[in-house]
Each structure stands twice: as structure tokens, then as C-alpha cells.
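Worksheet: the structure to be examined is printed underneath.
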Amino acid sequence: MYTIHGFFFQKNDMPFVAYFDKVDNGNIMIFSVLVRSIFVGAIGPDPEDEGRLVGFMSDHYGEAELVDVKVDEKQLSFTKYYIHRHDPIFYNFQKKENSFWVGEGTGPAVGHGYARCVLTEVPKEFFVDPRLNVRV
């Protein structure tokens, strides 16, 4: 199972650079356009077919299902369907040496854009509410 988080650059967004303001203190300046484009989600086995991966994602534009998820050492890909829309967005990422993923998203309604993300492998119990006292 994985958590995924990152951001995407859309064709309508003004280009920008998020940069380190004071490298020694680790302060980073992030413009509001970047914050609007942050996404978070989870990827794991399909409950109906544990051999397949599926996921769920949320961002400023809504909640989405991830299907056709493929993850290996160097490539991550999935198709994203927002719950309130029917058009697909196809994402394809390549892993960089510094452990984050760089990719692109394309879709008939959204056109072409760029994305970056971090994929973190986590155990199943990461997703269990501790109040439930459930063993996984």
C-alpha cells in the first residue's frame, strides 16, 4: 500500500518557481497556485482483485478514483476519474534519483500538464483508525 502526494501544473496556471528562501533554515516559499494544485491520496490492492492496484485521490478540483495503477521501481502510471466527471486523465511518471517522481497528465477535457509526486510505501495498519482496536 502507498500514500501519494504531489502537485500538478496545468496549462492555465501562470508559470512559477517554488524556491528555497533561506536554504540554511529550510524555509520554502510556495505560491498560492502551487497550493491549489496539491493532491493527496492512497493506492492499494483492489478489494475485488488483490492482484490489481487501485486508489483514491483528492485535490482542489474534487475527489477522484485511480484505476489501471501500475507501480514498479522506475515507473508509476494510473488513470484518474473525478467523481463528478466522466473524462479520464492519464498520468505517467518516471522516478528520479532523488526519490520523487516526475511526469505528465493528459486528458481530452484538461489537455496536457506536468506533475510531480512522492510515493511512500506504508503497511496496511497505517490506514486503520487506532480507536478501532483492529489487528491487520
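Where a number appears in this text, it was derived from the coordinates with a stated rule and is not lab data. The model shown is predicted, which means the values in this text are computed figures rather than measured ones. Using ideal geometry, Cβ is built from the backbone for each residue, glycine included, and neighbour counts are taken over all protein chains shown.
Quick notes
- Each of LEU132, LEU53 was scored by other Cβ atoms within 10 Å of its Cβ. Listed from fewest to most, they are LEU132, LEU53.
- Full-extension gain in nm, ALA109 to GLU63, via 0.36 nm per residue minus C-alpha separation: 14.9 nm
- With the largest listed first and rounded to whole Å, the semi-axes of the equivalent ellipsoid of segment 28-136 from the Cα gyration tensor are 24, 18, 16.
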